[in-house]
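The values are calculated or read from the model by the stated rules, or taken from the named source; none is laboratory data. As the structure is a prediction and not an experimental result, all values here were calculated from the model. No Cβ is skipped: glycine too gets one built from the backbone with ideal geometry, and neighbour counts run over all protein chains shown.
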Amino acid sequence: MQQILRGATVTHMPLRKLFLGIGANLDDPAATLADAVGALARIPGWHVDQISPLYRTTPVGLLDQPDFMNAALALSVELPDDPAAAAL
């Protein structure tokens, strides 16, 4: 394996800031949000920098449902410079 990697060039894509809102209102919303943050943190090249406190909000539109738990995340993600490649 080392012979295959000898002479290989490792390139890193630039880190970009990404702000993401997440929310849930079924079963255990706090656990669902924690699972979502964990899943995002496991994506190679993605780094969860900050997580807001959880906020409870009432539904809008369809009112006959449980309140939502919401949070905002600040992430640093490795994305290519080429917008077309980033879309893939």
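Worth pointing out:
- Taken over region 1-37, the residue count meeting the criterion of being touching a Ser or Thr at 6+ places or on another chain (Cβ under 8 Å), of a type in the set (A, V, I, L, M, F, W, C) and either more than 15 Å from A72 (Cα to Cα) or at pLDDT below 95 (or both) is 3.
- Extreme residue, surrounded by the most Cβ atoms within 10 Å (Cβ to Cβ), among residues of region 40-71 that are over 18 Å from K17 (Cα atoms) and without any contact (Cβ under 8 Å) to a residue 12 or more places away in the chain: T58
- Filter result for P80 (at pLDDT below 95 and surrounded by 12 or more Cβ atoms within 10 Å (Cβ to Cβ)): yes
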